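Q: Sharing a structure here in structure tokens format.
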Amino acid sequence: MNYRHAFHAGNHADVLKHIVQLALLDTFKRKDSPFFVLDTHGGAGRYLLASEESRKTLEAEEGVMRLMAQPKLPAVVERYLKAVQADNPVGAMISYPGSPLLSAQTLREQDRMAVCELQDAEAASLKALFAHDSRVAVLHADGYAQNKALLPPKANGVKIGRGLVLIDPPYEGQDAEYQRILASVSEILARWPQASFAIWFPIKQRRTILHFLRKACALPVKSVLTVELLVRPDDSPLRLNGSGMLLLNPPWQFDQVLAPAMPALKQYLGEAGASTRLQWLKQAE
Ligand code: SAM
């Protein structure tokens, strides 16, 4: 595997993904009952913005840093920026927190999380970050293959009903990745039918993802919502022109939580021809 998230941390795709992730977890926190997070592709957990990788691509400059420069943003975006700032207590933006750290910041005493990561260095980084957090289990393992071991989720032997599965693979073998995601979601639903899912997907040319989205709608879920940010027209198969989050069984009216963020993301992260989309592909009756 060649993929290293350090080259991309804090880019427009991370911004979209992490805004959605935090907004989902915040809605779970409206009730006291515990929730569980399964982060199947955890990455390193924290990324230094002064690293050689980050300085090579400068992707964070065109992502999170552009938002940091704005005096006022919608509450759902401000909430995300506060979470990023909480990982930078001295004030200057030194590091960018990945999905497992952002979730861990949000968990309460009663909530639990499991994070999987396949690569040695990334898994070691996660283990070090969460060594003293008993709510978080780090597995140096294939995130698609842990469903039997982890689900249905439990805390102190008691089943946890609600929760989020975050699936954020590198898409190195694109078609195969879509197949693995769909197979894994089916398996998870069989063991944990109440699960909500947030699945990140790249957009180079949008038509190439339509088959995947159609297949996702055929899964035994009540509702399917997609949220997309194209930072430029999706006319080239060679560039990451945008990305989306496919949400299965999201909270009721979750589109209304995200809607205020969309114009700001387009305005501050987009180039000419940028666009956003927030669309129910299947709605609970
Ligand atoms: N979710 C992270 C975040 O938002 O901060 C970023 C994850 S990055 C896009 C994808 C990660 O998945 C990489 O660190 C890669 O090593 C890891 N990976 C690839 N295949 C995997 C698999 N089958 N199981 C677990 N991790 C995998």
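Q: Chymotrypsin sites (Phe, Trp or Tyr not before Pro) within region 193-285: which are DSSP loop residues with at most 13 other Cβ atoms inside 10 Å?
A: Those that pass, being in a loop and sparsely packed, are Trp252.
Q: From Cα pairs below 8 angstrom and at least 6 apart in sequence, can you work out the relative contact order of the chain, rounded to a whole percent? Don't skip to the answer; put the middle values down first.
A: Values: 510 pairs, mean separation 60.7, N = 285.
Value for the chain: 21 percent.
Q: What's the Kirkwood radius of region 5-282 in Å, using all Cα pairs?
A: Numbers: mean 1/r = 0.0531 Å⁻¹.
This gives a value of 18.8 Å.
Q: Can you work out the FRET efficiency for the pair Asn88 and Ser275, with r the C-beta to C-beta distance and R0 = 41 Å, to the nearest 0.05?
A: 0.85
Q: Which of Pro34, Pro251, Pro89 moves the most in a Gaussian network model of the chain with Cα springs under 10 Å?
A: Pro89
Q: Quickly estimate the mean residue ellipticity at 222 nm for the chain, helices only: each DSSP H run with n ≥ 4 gives -39500 (n - 2.57), and the total goes over all residues, rounded to 500.
A: -10000 deg cm²/dmol
Q: Count the lysine pairs in region 99-225 whose Cα atoms sit under 25 Å apart, keeping only pairs 8 or more residues apart in sequence or on different chains.
A: Final tally of qualifying lysine pairs is 9.
Q: Counting only protein heavy atoms, what percent of the accessible surface of region 127-205 is carbon or sulfur at a 1.4 Å probe?
A: About 50 percent, which is the carbon plus sulfur part of the accessible surface.
Q: For region 5-282, what is the accessible area per residue in Å², given a 1.4 Å probe and the full set of protein chains?
A: Accessible area per residue, region 5-282: 44 Å².
Q: At what distance in nm do the modelled label points of Ala121 and Arg239 sit from each other, each positioned 7 Å from its Cα along Cα→Cβ?
A: For the pair Ala121/Arg239, the computed spacing is 2.8 nm.
Q: Sticking with this structure for a sec: On a 1.4 Å probe surface of the protein chains, which of Ser186, Ser54 comes out largest in accessible area, and what is the full order?
A: Listed by decreasing accessible area, they come as Ser186, Ser54.
Q: If I model a spin label at Asp26 and Leu48 as a point 7 Å from the Cα along the Cα→Cβ vector, what separation in nanometres do I get?
A: 3.2
Q: Hey, what's the Cα Rg ratio for region 70-134 versus the globular rule of thumb, 2.2 N^0.38 Å?
A: Here the Cα radius of gyration is 1.28 times the empirical estimate.
Q: Points 7 angstrom from Cα along the Cβ direction at His211 and Asp142: gap in nanometres?
A: Between His211 and Asp142, the label points sit 2.2 nm apart.
Q: Rounded to the nearest Å, what's the spacing between the alpha carbon centres of region 88-116 and region 221-279? Just the number, please.
A: That distance is 23 Å.
Q: Across region 107-118, in residue order, what do the Karplus-derived ³J(HN,Hα) couplings come to in whole Hz, using 6.51 cos²θ - 1.76 cosθ + 1.60 with θ = phi - 60° and x for Gly and Pro?
A: Here the 3J(HN,Hα) series is 5, 9, 3, 7, 8, 9, 9, 10, 10, 10, 7, 8 Hz.
Q: Report the residue, chosen from Ala272, Ala198, Ala128, that carries the largest GNM mean-square fluctuation when the chain is represented by alpha-carbon nodes joined by springs under 10 Å.
A: Ala272
The values are calculated or read from the model by the stated rules, or taken from the named source; none is laboratory data. Everything numeric in this text was worked out from a predicted model, so none of it was measured. Every residue, glycine as well, gets a Cβ built from its backbone with ideal geometry; the counts of neighbours run over all protein chains shown. Surface areas here come from the heavy atoms of the whole protein model, side chains and all, with no ligands, DNA or RNA. Shrake-Rupley method; radii C 1.70, N 1.55, O 1.52, S 1.80 Å.
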